[in-house]
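Below is one structure, written out as structure tokens; comments come after it.
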Amino acid sequence: MSGWRPAPHLGLDLLVAVDRSGARPLREQLEQQLRDGIRRGVLHAGTPLPSTRALAAELGISRGVVVEAYAQLAAEGFLVSRAGAVTRVAHVERHEPSPPAVPGPPRSVRFDFRVEAADLSAFPRRAWLAALRDALHDAPDAALGYGDRAGVPALRATLAAYLGRARGVAAEPERIVVCTGMTQAVAVLARALRRSGVGRVGVEDPGFPVHRRVLAREGLAVVPVPVDRDGLVVQALEGADVGAVLITPSHQYPLGMALAPERRAGVVEWAVRRGAWILEDDYDGEYRFDREPVGALQALAPGHVVYLGTASKTLAPGLRLGWAVLPEGLAEAVTEAKALADSGSPQIDQLALARFIERGDLDRHLRRMRGRYRRRRDLLVGALERHLPAVVVEGLPAGLHVTARLPGAWALGPLLARAWERGVGLHGFEHGGVSRLMLGYANIPEASVAGGVRALAGIATGSGAPATS
Ligand SMILES: Cc1ncc(COP(=O)(O)O)c(C=O)c1O
């Protein structure tokens, strides 16, 4: 192979390769690569190509080969070449794999019940901007380098203190790795688990599909473990033959209950006895409305639990800031996996978050938002009782969504499809023969809650389902 190398002539680099020892003629190889590049949209319309002489010299092949390849592609309509002018890529239809046939998001969402993020309209822009400005102003030049791959020390120290006081996590700054959201934390953790010999990981069933996919993508066998009204069925772990289990103990995703106290003790006992890991996804643990907050499970066995947190539900997913608090046995492997993944998360944003928390801005924001979310949740539950009394509302005390159990005769798929068509954004799931809607209240204004539920009731009635009893 003469190698993938840029052909830097006439100021033009072109990434092509020819294999002189291969069976296929050189002209065909060159044509094929250029054709593919143009079809896939890698070579854009109008892009100038190197002259035939320059490309031939660069690839160490005869000029005639390049002339023929260009001429063939021009004849096929992939290139435009005129005497005396540079040869350019023509306008060609791009061929991409068709997108999967899943219903996409509606073009415009009138009523947004999607369970995704904190209230994006309430992002504390002014306070964040001040934290960002001050962080950058005060940062030494060294802070603009790669820095500590596990995260900026100031943020890790601040997070250790915050997670200790707010979530009861036993955290040392040295055991915290800051990631690009919790999603990346799960990915690097998966790599570390594989290296340590874990091949199978239990996940809640039902559970968060994104994390399942991330784990599977990293080569782990994902083993569904059932969830009942008290959360994870810990007994089912015994036969599952897994080296770790990923759970949402503060607010089961998607059903919404907290893991019952005896189950909390049970899962920890299982992990200690089996030398296994618990991955604790505390995605929205800051929101608890009607009862005492439930602290993180991690504190029960810091040597066996990885605590996973995120700014996606407290501030905004767009920040892409998440963290893992690691037990000693995994700290080194996860830190290495994170370093190899991307050489560390953006430094300035980490410094800004550290400021934001230190100044009390996160606590202030959360206090304000808890009141707001609680009001919206109460409005939502009231509206569901009034307009959709046939559904059973569950998962109330925590988090940013409730679930609505549908009567057996209601078909989930058509209901969701019609809702999306009419601009009511929401998700649902089926589990154990029961269908449920997930109704998030973080991103729907108070004034729209009742209207959104009425719209949903109309859709349910229209689909033949009894909307009111
Ligand atoms: C169950 C669950 N875990 C974790 C996350 C957070 O992921 P990330 O921090 O990558 O945004 C979410 C976000 O919606 C979630 O629903």
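How many angstrom lie between the C-alpha centres of the range 435-451 and the range 118-184? The distance from the Cα centre of the range 435-451 to that of the range 118-184 comes to 31 Å. One Cα centroid belongs to the range 59-74, the other to the range 344-378; the line between them spans 60 Å. Of the heavy-atom accessible surface of the chain (probe 1.4 angstrom), what whole percent is carbon and sulfur? In the chain, the share of accessible area belonging to carbon and sulfur is 52 percent.
Taking only the alpha-carbon atoms of the chain, what semi-axes of the equivalent ellipsoid follow from 5 times the gyration tensor eigenvalues under a square root, in whole Å, largest first?
For the chain, the ellipsoid semi-axes come out as 47, 31, 24 Å.
For the chain, the antiparallel share of DSSP beta bridges with both residues in that region comes to about 60%. So what's the angle, to the nearest 10 degrees on a 0 to 90 scale, between helix 125-138 and the longest Cα principal axis of the chain? It is inclined by approximately 60 degrees. Computed across the range 123-359, the Kirkwood hydrodynamic radius from all distinct Cα-Cα pairs reaches 17.9 Å. Using the empirical formula 2.2 N^0.38 Å as the baseline, the Cα radius of gyration of the range 405-447 reaches a ratio of 1.24. Less than 5 angstrom separates the built amide H of Val393 from those of Arg405, all sequence-distant by 5 or more or on a different chain.
Surface analysis of the range 34-96 yields an accessible area of 55 Å² per residue, using protein heavy atoms and a 1.4 Å probe. Remark on Gly202: its backbone amide H falls under 5 Å from those of Val223, Gly243, Ala244, Val245, Leu246, a criterion applied only to residues 5 or more positions apart or on other chains, H modelled at 1.01 Å from N.
Compared with the dominant principal axis of the Cα atoms in the chain, helix 328-342 is inclined by about 40°.
How much length is gained on full extension from Glu421 to Ala142, taking 0.36 nm per residue of separation minus their Cα-Cα distance? Display every interim value, and only then the final one.
Details: separation 279, 0.36 × 279 = 100.44 nm, distance 5.16 nm.
Between Glu421 and Ala142, full extension yields an extra 95.3 nm.
A cut-off of 5 Å between modelled amide H atoms, ignoring neighbours fewer than 5 places along the same chain, links Val18 with Ser2, Gly3. Distance between the 7 Å Cα→Cβ label points at Arg386 and Ser108: 2.5 nm.
Between Val67 and Ala240, the simple label model (points 7 Å from Cα in the Cβ direction) yields a spacing of 6.9 nm. Angle of helix 153-167 to the longest C-alpha principal axis of the chain, folded into 0 to 90 degrees and rounded to 10: 30°. Using the 1.4 Å probe convention, the accessible area of the range 321-415 works out to 40 Å² per residue with neighbouring protein chains retained. For the chain, the mean residue ellipticity at 222 nm estimated from helices alone is -12500 deg cm²/dmol, where every DSSP H run of n ≥ 4 contributes -39500 (n - 2.57) and the total is divided by all residues, rounded to the nearest 500.
The DSSP beta bridges internal to the range 123-359 are antiparallel in roughly 35% of cases. With all pairs of separate Cα atoms included, the range 5-89 yields a Kirkwood hydrodynamic radius of 12.8 Å.
The values are calculated or read from the model by the stated rules, or taken from the named source; none is laboratory data. All figures in this text were calculated on a predicted structure; none of them were measured in a lab. Methodologically, a virtual Cβ is constructed for each residue, glycine included, from the backbone with ideal geometry; neighbour enumeration extends over all protein chains shown. The area values use the complete protein model at the heavy-atom level, side chains included, leaving out ligands, DNA and RNA. Shrake-Rupley method; radii C 1.70, N 1.55, O 1.52, S 1.80 Å.
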